[in-house]
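A.B. asks: Take a look at the following structure, please.
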Amino acid sequence: MLTDLATIDSLFYLAATVAVIASLKVVTGSNTVHALLYLVVSLLAVAVCFYLMGAPFAAGLEVIVYAGAILVLFVFAVLMFGLGKDETINAPKSKSVANMFGAMLLAFALLLELTVIINNAQIQQTLQANVVSSKAVGIMLYGPYLLAVEIASFLLLAGLLAGYHYAKPDVQGSQL
Amino acid sequence: MLLASLPFYPLVSFLLLILFAKRLSWRLASAISVGAMALTALVSGLLVFELSNSSSHFISVDLWHWFSLSSQQRMAEVNVSFYLDGLSAVMISVVSGVGFLIHLFAAAYMKDDANFSRFMAYMNLFIVAMLILVLADNLVLLYLGWEGVGLCSFLLIGFWYQEQANVLAARKAFIVTRIGDTSMAIGLFWLFSSFGELNITAVSELIRGVGSSEIGFSLQESTDIYWIALLLLGGAVGKSAQLPLQTWLPDAMAGPTPVSALIHAATMVTAGVYLIARMHSVFLFAPEVMNYVAWLGAITLLLAGLAALAQTDIKRVLAYSTMSQIGYMMLALGAGAWSAGVFHLMTHAFFKALLFLTAGAVILALHHQQNIFKMGGLLKRLPFESALFVVGLICLMALPGTSGFFSKEAIIAELWLSTTAGPALWWCAIIGALLTSIYSCRLFFLAFLGNERFTEKLHIEKASLMRSALLILALLSLFGGLISLDLSEVFFKIKAEELISVNEPSWLHTIAIATPFVGILFSWFYFKNYRVDSNLEDGVKTNLTASEHRFAIFCRNGLGFDSLYDVLLIKPYQLLAKLNRRDFIDQTMMSTAWYVGLWHDVMTMIQNGNLRWYLAAFGLAIMTLIGVSIL
Amino acid sequence: MTTIPLFHVLVLSSLLFAIGFIGVVARKNTLFILMSLEVMLNAVGVAFIGAGSAWQQADGQVMFILILTLAAAEVAVGLALLIRMQKKYRSLDIDLLNEMRG
Amino acid sequence: MLTTAHSQASLNIEIISVILPQLIIAFGIALALLLVAWKRSQRTIALFTGAVMLIALVANVSLLTIQPTAVTQLLKVDSYSAFAFSLVLISALVSLHMSHQFLKAHIEVHDEYYLLLMLLVLGAGILVTSNHFASLFLGFELLSISLVGLVGYHRESNFSVESGFKYLILSATASSFMLLGIAFIYSVTGNMSFDANVPNEIYHQQDLRLFFEMGILLFISGIAFKLSIAPFHFWTPDVYQGAPTPVTLLMATISKVAMFVVLVKCVVAQNYLLYDNVQLLLMILAVASMLMGNILALKQQNLKRLIGYSSIAHMGYLLIVVIVLSGESLSFTWQSVLFYLSAYVVANLSIFMVMAAIQSQCSSKVGQLLQYKEELLLSDLRGLFWRIPSHALLVILAVLSLAGIPLTMGFIGKFYILSQATIAHAWWLIVTLVIGSGIGLAYYLPIIFTLFEKEDCTELQANKRPIIEHFLVYSFIIIGLLLGIFPDVVSQFIVSNPM
């Protein structure tokens, strides 16, 4: 049992390290798309952390919504409007092996972790004991936090409207 | 109630004038404003009459509930209500009586001004604020009036706002007095927090009750009283132009002359005196502060007297003289001679208003020439004004028989024996009286005697309005001393003090009465060349150094004062005059403003519009705060 | 109780937050600033999840979901503004935006 | 284990009636979306928004005397929050009128503007009633995101992108900091409701205490950012300047009122915020704001920036009330805060109303297009008194109130603050307040001088002013005068809650 706990701990620290390194790469990177991909890695690592902390629902959301939806929005914006242009010009041209190796190492560490977690029955058992289930979250969301959910929808509406206003093309022949 | 309506006559007039400013003819506008003032004066006369006949010592009236301050322990109601007792009766008679006369004069004086009705409106507003100040029954309402008169003073000094100097003077006056005001406001809050009351009568009774009881004040309470008295004194100092906040008054002379007469001589500047007299219960239990008041008054008295000697502008001479006379009142208050102080306030209002108005008439006649070195010989050319000016001056010098004599002697008489004053301050008062007579004579000799240095044709206005106002004021100045003031009901004494007249030397009164004459004699010789004739070119300086040898001759003639005066008066005077020329307190004020401006420039550099810098500052601030609050 | 000490989770979250904040302050490219903001928000999410699992409450996860909506709304507005900036200034350099000052 | 104590509060009719104003706004937003789909017209949507807000205001009146009622664990409505929400709605209505004047000259239909305005009001409504960190955070964000949309709304303006970005990035950073703070607090206390009791053992565990205190600090700095309290004030003048005038008004009034009310609610409920460290922190913030705000405003020529700087100082003054807050005199604290906020709101509304009027007057027609005057300098007020006396009178009243001259609401408000501070013997704060107000005079008074200066050019055409504007101007003059003389009228509305 003790060893298993130690394993969960060490897995957590490993995922945390991956997240920190990937975040560092995000803020120090010079290529926009690379930085975005590092951000995805960071988010995935954080998702693993969530899973290990007993929040599988949040982990799923992190992967699907955060990494899957929000960051894809970034990627779309960058690619469609050529936002990354001025940065890629200054980016280092050398695609050295070391550079790729680092990224691959991070991804590989995450993959390893996932396989270990899924395959190790004892870890699964320990995690099950601590999990705050998605059912509990659902009950909370549609119980005491019902108003919060409603307000959150208005928040999204506000974001949508503001975004729409800024992004819509200028009307010809009209000021404003 | 009659009392409640008192401030509303000028208020209505103010509203009428401000609303229909441009549409009113001179005749109508002056009729409204002067009429309102006449009504006010009449009503206050009736009120004073009513008060003197009524059995109680006060009349009070509640208008409406303003707001209430509550905390867990205390609940203070702040009402808009008026309270009239002997002290405020004196004040309202001065304010409305002298105010009426000055309005009368001003109506003629400002006749040709384009913004005549605006001017009269401000004057009326000032009267409203001043009446609220003196009638207020609680300190918040008093503070309201206090700020109101400040505002009107500001508006009126800057009345000719097209000129840079006037605007600057107005701003300076407002800001400098605000320093005193804030000190006063803090005092009020302190009072509220330690005694939980803001009603003047209630506070007085509370403090008297505790103070005269067996137990007396606790240590905390007496410290509180000390600080409250000190802070209130701060307010009084600002408003009454005493050291060190006196710098605004001479500059305030930039305003029209009736303003100087009304606000900066007769009424507003004495508000500080009124405040201290009103809150005398607090001061009585803070004898140290009483002592400060006395010394402050004495020092202002001397310094302002000296400064008056060096001025060339006729209005500035009068302004410094006002400062010095208020110094007398402060001295009286500090010595516990409350009635004498208030009496002097009243007589001073009469003769100083007279002096200012006459000076205004003279200035008008001379096409706005204010430099006394460019006047001279006016006695022949403007006999009426000169005569009135002489009346004012002899009152100022307190020659026997005039109103100034009665009040000033009353003050001086109480100084020697007072516990909070004493012989040293008595001597200050005497020297002050000497100075007063010297500068008065100098002014008279320079402006009214000697050869005629003003060569253009005089612009003589024989407006009967002006002249009648001046005449009444002159009569008041001469005979105002005969009005007997009985304020013993108002002022509270800690215990019945036995008069120990044994200690009082018998020569005191002789000296006190003789002093002005000595001054006159002194200046008769000293300012001889001004008086008789002169080969003085235009714009000569005071040239005291040049006349040093004349002074020596004078000394050799053996009046015996020679060496004494030389050491005590002339040398320090020259030094002070030199210092005051540069007006170092003024400099300090200005440098503070400059310093704040510097900070502004530095801070503006931080506000550089750079988003990343803002973010960094955000982080830095949080880091610093973590450091401060957690470590 | 989970086996991971709460203290460590909070340290991780602070670390990620600090990295994000440094990114926001240090980067000149507005796109990177937006990404760094995401890193910061994500770090806050870590703290909430950690706290929620330490207390065995679902509140932490609910807060995380709410933060997710915030992130989405913020990104939408941010990217739209970014597009405008690109159109107007032909650059994403945040230091260009300092016309208002003083 | 999974449910907290409050979770079972069901939403029955009684509880719904308590948040009726907020619900009305929310339904209004949904209906407005439908309305946009049906008919796009500038006038219709503006009228509709105004109607929704008026109805909400009316619905809010009955709540002014309500007993504290919890609506789920997230919200708690009491008379104070109802009063604050009325302030918010009134400001929103005034701003709506100004916005309509500002937008109606353009061909394009601006539905999203009105929607964002309503969303902003909804956010403020949630903030003032919130009783839980989650609702605080959501209200905060709803306010911020709608404001981001609004500050850069005038897209043709040179400052649109700049002010939008400045507000977005800074506000996102600030809210991240605030969220991290909340997370830390939550991780230590295990409860996010304001009513939670903080276990005492926190103070015996070194590492938890560290996080707890850092959490409080981060939380407060997030709020301080929104209130533009120094040293988190940097965005204020820039964004004030860049935003369209009606939006600046919203920032100056609604956002400040809502944030301050929620701050006081939080501090009152969570007494751990009264510990020495926090008090020291708040004191530093208050002193810094009072001094920096006033000093920075000193030589400012741009009117909006000036108001921005002065708002920094005012929030500093107001913070004093929070610092000296003690458990015994809660109702007095609330009274002071709400009174001061009302005075502040009335003064700001007055000034901005006149500013908007001048802007529309000074806008010049260039061909078909209306050139909107963006920069509003102090000198633009020159001679206003001779041109439009009523507007000038309004400005004078407002400026005097901001400066705290007697017979204005501002004076009474300052009086409340000072009397609280003296009871608590917070002399340093009082001294700073006095110095700050002293410096304040040096920039408030020149505004009044400028009004009276003779203008050089009279070429500005005197446009016909709409009746509503006249109505608003005169009513605000009357409000300003009346409330200065009879401040009891406002105090009566602030009904104290039996806690």
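A.B. asks: Do any helices (runs of 4 or more DSSP H) lying entirely in region B:205-320 carry at least 3 residues that are open to solvent by 20 Å² or more (accessible area, probe 1.4 Å), and which ones are they?
C.D. replies: Answer list for region B:205-320: B:219-239, B:287-310.
A.B. asks: Given the residues C:A73, C:A54, C:A80, C:A58, which is the only one that is open to solvent by less than 10 Å² (accessible area, probe 1.4 Å) and closer than 21 Å to A:V131 by Cα?
C.D. replies: Selected residue: C:A58, the only one of C:A73, C:A54, C:A80, C:A58 that is open to solvent by less than 10 Å² (accessible area, probe 1.4 Å) and closer than 21 Å to A:V131 by Cα.
A.B. asks: Within the set of pairs 6 or more residues apart or between chains, which connect a residue that is free of Cβ contacts under 8 Å to residues at least 40 places away in the same chain inside region A:16-39 to a residue that is of a type outside the set (D, E) and not in a helix (DSSP H, G or I) with Cβ atoms less than 7 Å apart?
C.D. replies: Sorted first by the residue in region A:16-39, then by its partner, the pairs are A:V27/C:R27; A:A35/A:G29.
A.B. asks: In region D:265-281, which residue that is hydrophobic (A, V, I, L, M, F, W, C) and surrounded by fewer than 24 Cβ atoms within 10 Å (Cβ to Cβ) is nearest to the other protein chains (Cβ to nearest Cβ)?
C.D. replies: The extreme case among them is D:L280.
A.B. asks: Any residue in region D:439-467 that's farther than 16 Å from D:L303 by Cα: show its pairings with residues that are modelled with pLDDT of 70 or more and of a type in the set (F, W, Y) at Cβ separation under 6 Å, as long as the two are six or more apart or on different chains.
C.D. replies: Within 6 Å, the pairs are D:F452/D:F385.
A.B. asks: Exactly one condition in (1) polar (S, T, N, Q); (2) surrounded by fewer than 24 Cβ atoms within 10 Å (Cβ to Cβ); (3) within 22 Å of the chain's Cα centre (by Cα); (4) away from every other protein chain (no Cβ under 14 Å) is not met by B:N199; state its number.
C.D. replies: The number of the failed condition is (3).
A.B. asks: Could you figure out which of (1) surrounded by 12 or more Cβ atoms within 10 Å (Cβ to Cβ); (2) more than 10 Å from chain C (Cβ to nearest Cβ) isn't true of A:T115?
C.D. replies: Going through the list (1) surrounded by 12 or more Cβ atoms within 10 Å (Cβ to Cβ); (2) more than 10 Å from chain C (Cβ to nearest Cβ), A:T115 breaks only (1).
A.B. asks: While we're looking at this one, here's another question. Please name all residue pairs, on different chains or six or more residues apart, with Cβ atoms under 7 Å, provided the first residue is in region A:71-83 and is more than 9 Å from chain C (Cβ to nearest Cβ) and at negative phi and the second residue is part of a helix (DSSP H, G or I) and open to solvent by less than 20 Å² (accessible area, probe 1.4 Å).
C.D. replies: Final answer for the pair search is A:V75/A:L36.
Residue-by-condition table, conditions (1) under 13 Å from the mean Cα position of the chain (by Cα); (2) basic (K, R); (3) at the interface with chain A (Cβ under 7 Å from one of its Cβ atoms):
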site	(1), (2), (3)
C:F21	yes, no, no
C:G45	yes, no, no
C:I67	yes, no, no
C:K87	no, yes, no
C:D95	no, no, no
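A.B. asks: Only one of A:K93, A:K135 is open to solvent by 50 Å² or more (accessible area, probe 1.4 Å), more than 7 Å from every other protein chain (Cβ to nearest Cβ) and modelled with pLDDT under 80. Can you tell me which?
C.D. replies: Going through A:K93, A:K135 in turn, just one is open to solvent by 50 Å² or more (accessible area, probe 1.4 Å), more than 7 Å from every other protein chain (Cβ to nearest Cβ) and modelled with pLDDT under 80: A:K93.
A.B. asks: Look at B:A353 and say whether it is out of contact with any strand residue (DSSP E or B) (no Cβ under 8 Å at 6 or more places or on another chain) and more than 19 Å from B:S403 (Cβ to Cβ).
C.D. replies: No; evaluated as a whole, the condition is false for this residue.
A.B. asks: Mind telling me which of the residues A:P144, A:P169 ends up being over 22 Å from the mean Cα position of the chain (by Cα) and more than 7 Å from every other protein chain (Cβ to nearest Cβ)?
C.D. replies: It is A:P169.
A.B. asks: When both residues are 6+ apart or on different chains and their Cβ atoms are under 9 Å apart, which pairs have a first residue that lies in region B:144-165 and is within 9 Å of another protein chain (Cβ to nearest Cβ) and outside any helix (DSSP H, G or I), and a second that is acidic (D, E) and open to solvent by 20 Å² or more (accessible area, probe 1.4 Å)?
C.D. replies: Pairs that qualify, where the first residue is within 9 Å of another protein chain (Cβ to nearest Cβ) and outside any helix (DSSP H, G or I) and the partner is acidic (D, E) and open to solvent by 20 Å² or more (accessible area, probe 1.4 Å), are B:Y161/D:E453.
A.B. asks: Hey, another quick one. For region B:1-16, enumerate the residues that are surrounded by 19 or more Cβ atoms within 10 Å (Cβ to Cβ) and of a type in the set (S, T, Y).
C.D. replies: B:Y9, B:S13
A.B. asks: Now a separate question. What number of residues within region B:328-360 satisfy the criterion of being assigned to a helix (DSSP H, G or I) and open to solvent by 10 Å² or more (accessible area, probe 1.4 Å)?
C.D. replies: Total meeting the criteria: 4.
The values are calculated or read from the model by the stated rules, or taken from the named source; none is laboratory data. Treat the numbers as computed from the prediction; the structure is a model and nothing was measured. Here the Cβ is made from the backbone with ideal geometry for all residues, glycine too, and neighbour counts use every protein chain on show. Quick note on the areas: whole protein, heavy atoms, side chains included, nothing else; ligands and nucleic acids left out. Shrake-Rupley method; radii C 1.70, N 1.55, O 1.52, S 1.80 Å.
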